Amino acid sequence: MGRLAEPWYTRETGLLNHVLTTRQPIILYASHTDFEQSPVVPGLIQEGTRGVTLSLGRKVVLPLTGTLADTDHVLGHELIHAYQFDMVTTRGSPEPGAARLPLWFVEGIGRVLVART
Ligand SMILES: [Zn+2]
């Protein structure tokens, strides 16, 4: 997972001109079934959900599914959300800044910056 995440880190740090303020937690599950039962993610995880980034704690949570290329794509997409959340959260504030961002904005940037080529 580190080998997949490091190139995304380099790419997204450059694209967004932002260095993450703390280490990035990534929680990886062996299967989608395990992911759906994650105690880390509040609420239900739908069958079609491929990954989640929690604004609180900025945790990226995803399962290993499909091909390595699919997992890599989801990882890149979720890491964009980690950057977004990090960029809008005021240091020292218990409130995640992402709550102020509309979903269409968060997901739109995620899709554009991690578009498949
Ligand atoms: Zn997303």
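Here are some notes:
- Extension gain, M1-V112: 0.36 nm per intervening residue step, less the Cα-Cα distance, totals 37.7 nm.
- Dipole of the chain [Lys/Arg +1, Asp/Glu -1 at C-beta], most positive-end residue of L54, Q84, G66: Q84
- Expected 222 nm ellipticity per residue - DSSP helices of 4 or more, -39500 (n - 2.57), all of the chain, to 500: -14000 deg cm²/dmol
- Taking only Cα atoms of the chain, radius of gyration then Dmax in Å: 13.6, 39
- Residues whose amide H comes within less than 5 Å of that of T65, counting only those at least five positions distant or on another chain, are T71 (H built at 1.01 Å from N in the peptide plane).
- Karplus-derived 3J(HN,Hα), 6.51/-1.76/1.60, for each residue of region 71-88, Hz, glycine and proline x: 4, 4, 5, 5, 4, x, 5, 5, 5, 4, 5, 4, 5, 4, 5, 5, 5, 9
- Cα-centre dipole for region 2-113 with unit charges at Cβ (Lys and Arg positive, Asp and Glu negative), debye to 20: 340 debye
Read the figures in this text as sums done on the coordinates, not as results from a lab. Remember, it's a predicted structure, so these values are computed and weren't measured experimentally. Here the Cβ is made from the backbone with ideal geometry for all residues, glycine too, and neighbour counts use every protein chain on show.
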